[in-house]
Amino acid sequence: MTTPAADPALSAADPRSAPAASRRRADAPIGVFDSGVGGLTVLADIRRLLPAEDLLYVADSGYAPYGDRPEAQIRARAGRVTDFLVAQGAKAIVIACNTATGAAAAQLRARHALPIIAMEPAVKPAAACTRSGVVGVLATSGTLKSDKFEALRGRFHGAVEVLTQPCPGLVELIEAGDFGAAALRALLTDLLLPLLERGADTLVLGCTHYPLVRGLIQDIAGPGITITDAGGAVARQLRHRLSDTQLLRAGPPAGHVRCWTSAPAPATAATIIRRVWGAPIAVEVLPE
């Protein structure tokens, strides 16, 4: 495991002062971040849709889950990680975290003059496919309390019933990497049953960690329950924004992937990241 040297650009007062050409080339990488390994689900969707792109990923696991932290701290971490990715030459940023989107997307867009793609729980497609008219949203407390989510929920008022289920402890169990653990199944069962008992036939995975246990959720909920997440939509929006700004990279060859972690045990985190990614991936320590 190698630790990259601190980049002097990280200490710049305003990352917009960097030359525009350094971050606005079609062959520059795309930066993606989340509070941990969950954003790898979004990274995989981006990789499938844009295989020629170089990708940079930060798993900010030292601060996971964002959803249980004060909003000011989430904004600070999102700003810190975004500044790092911009300093690495990223031409676009994907906030692969619903909580960080609600807390920090507006601030990041005001600070950085490059495309910033954010998450939104997949309530719209869920509302379109529900048969019972009841949709259940699984998300962190931070996401569900955000003004952004309340505005999203309000768009469907009267059309469908949107039930919400905060999931304390779920991100931590997923971050541990044992997706077959009895404790994980027990927690998911406790979280899902209230939604199912109230008639939800469609579930929205409102945190990028949750698709990592999608199979277990489906097994508990049953085959008649539809499950949606926003990863594919984010990848398509990214492609659209890059195309509009003439920043799409042509291929082949396939792009490279680099990853950083802030986990207190980086070797353990690297093992979990590689297992989740399903292929060799370089994992470095995020400089602080």
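The stretch between residue 189 and residue 279 holds 29.4 nm of extra length on full extension. This uses 0.36 nm per residue minus the Cα-Cα distance. Around the amide H of residue 284, modelled in the peptide plane, lie the amide H atoms of 259, 260, 261, all under 5 Å away and 5 or more residues distant in sequence or on another chain.
Only helices enter the 222 nm calculation for the chain: every DSSP H run of n ≥ 4 contributes -39,500 (n - 2.57), and dividing by all residues gives -12000 deg cm²/dmol, rounded to 500.
Each residue of segment 41-53 was assigned a 3J(HN,Hα) from its phi angle through the Karplus expression (A = 6.51, B = -1.76, C = 1.60, θ = phi - 60°), giving 5, 6, 4, 5, 5, 5, 4, 5, 7, 10, x, 7, 7 Hz with x at Gly and Pro.
In whole angstrom, how far apart do the alpha carbon centroids of segment 200-215 and segment 112-161 sit? Spelled out, the Cα-based centre of one part sits 13 Å from the other. Approximating the spin labels as points 7 Å out from Cα along Cα→Cβ, the residue 258-to-residue 147 distance works out to 3.6 nm. Counting Lys +1, Arg +1, Asp -1, Glu -1, what net charge surrounds residue 183 among other residues with beta carbon under 14 Å of its beta carbon? The answer is -3. The long axis of helix 231-244 is offset from the longest Cα principal axis of the chain by roughly 40 degrees. Across the chain, the relative contact order, built from alpha-carbon pairs under 8 Å that are at least six residues apart, equals 28 percent. The protection proxy used here, the mean number of other Cβ atoms lying within 10 Å of each residue, ranks peptides 223-229, 143-149, 267-273 as follows, highest first: 143-149, 267-273, 223-229. Within the chain, what percent of beta bridges assigned by DSSP are antiparallel, to the nearest 5? That works out to approximately 0 percent antiparallel. Remark: segment 190-198, residue by residue, has Karplus-estimated 3J(HN,Hα) of 4, 6, 7, 4, x, 5, 5, 5, 8 Hz, where x stands for each Gly or Pro and the curve is 6.51 cos²θ - 1.76 cosθ + 1.60 at θ = phi - 60°. With the dipole of the chain worked out from charges on the C-beta (+1 for Lys and Arg, -1 for Asp and Glu) around the Cα centre, which of 73, 204, 57 lies farthest toward the positive end? Going by the Cα projections, it comes out as 57. The simple spin-label model puts a point 7 Å past each Cα toward its Cβ; for residue 109 and residue 52 those points are separated by 2.8 nm. If you sort the three axes of the alpha carbon gyration tensor as a ≥ b ≥ c, you get a/c of 1.5 or more for the chain and a/b above b/c, which makes it prolate.
Values in this text are rule-based calculations from the coordinates and carry no lab data. As the structure is a computational prediction, the values presented were derived from the model and not from experiment. Please note: Cβ atoms are built from the backbone with ideal geometry, for glycine as well, and neighbour counts cover all protein chains shown.
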